[in-house]
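Here's the structure, in structure tokens; my notes come after.
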Amino acid sequence: MPMQIVTVMVPPLRAEPRGAVWIGNAISWLCDDRGRLRPRLPAWLAAARAKLALDRTARRDAHNREDLYALARRYESTQPEFAKDLFAAASNDRAR
């Protein structure tokens, strides 16, 4: 019986996504039997959330202060007393 050689082109396998590998490694690291990190994880997560909340508050305050300055600059030519009050409010908020 005659033999025949067949060549088939197969595309290379896709690489594993880095994020999925990192998350899988982190979960396996947290779930191991020696989990020394597990008891400290909730406290670390709470501290990280608190820091993010403080950063978010600071950004929001800065944005609100910039809005007040922009509003004061807009009213400066037509209503100078009102603009002066807005500048004072924005500066007072900054001093806190």
| said: Given an 8 Å cut-off on Cα distances and at least 6 residues of separation, report the relative contact order of the range 49-96 as a percent. | reply: 33
| task | Determine the principal axes of the Cα atoms in the chain, then give the extent along each, sorted from largest to smallest and rounded to whole angstroms. | result | 104, 44, 10
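Check each of the trypsin sites (Lys or Arg not before Pro) in the range 6-68 and keep only those in coil by DSSP with at most 11 other C-beta atoms within 10 angstrom; list them in order.
Working: sites: Arg14, Arg18, Arg34, Arg36, Arg40, Arg49, Lys51, Arg56, Arg59, Arg60, Arg65; in loops: Arg14, Arg34, Arg36.
Those satisfying the criteria are Arg14, Arg34, Arg36.
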| message | I need the phi-derived Karplus couplings for the range 4-11: 6.51 cos²θ - 1.76 cosθ + 1.60, θ = phi - 60°, integer Hz, Gly and Pro marked x. | response | 10, 9, 10, 9, 10, 8, 10, x
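Compute the length gained on full extension between Cys31 and His63: take 0.36 nm times their separation in residues and subtract their Cα-Cα distance, giving the result in nm to one decimal.
Contour length minus Cα-Cα distance gives 7.3 nm.
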| Within the chain, helix-based [θ] at 222 nm, where runs of 4 or more DSSP H residues each add -39,500 (n - 2.57), nearest 500 | -23000 deg cm²/dmol
| field | Under-5 Å amide H pairs with Gln79, H placed in peptide plane, nonlocal only | value | none
| said: Explain nothing, just compute: Karplus ³J(HN,Hα) = 6.51 cos²θ - 1.76 cosθ + 1.60, θ = phi - 60°, for every residue of the range 41-46 in order, whole Hz, x for Gly and Pro. | reply: 4, x, 5, 5, 5, 5
| field | Length released on extending from Arg40 to Ala20, taking residue separation times 0.36 nm less the Cα-Cα span | value | 4.8 nm
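Just so you know, all these numbers are worked out from the coordinates, no wet-lab data involved. Keep in mind that this is a model prediction, so the values were computed, not measured. Glycine also receives a Cβ, built like all others from the backbone with ideal geometry; neighbour counts cover every protein chain displayed.
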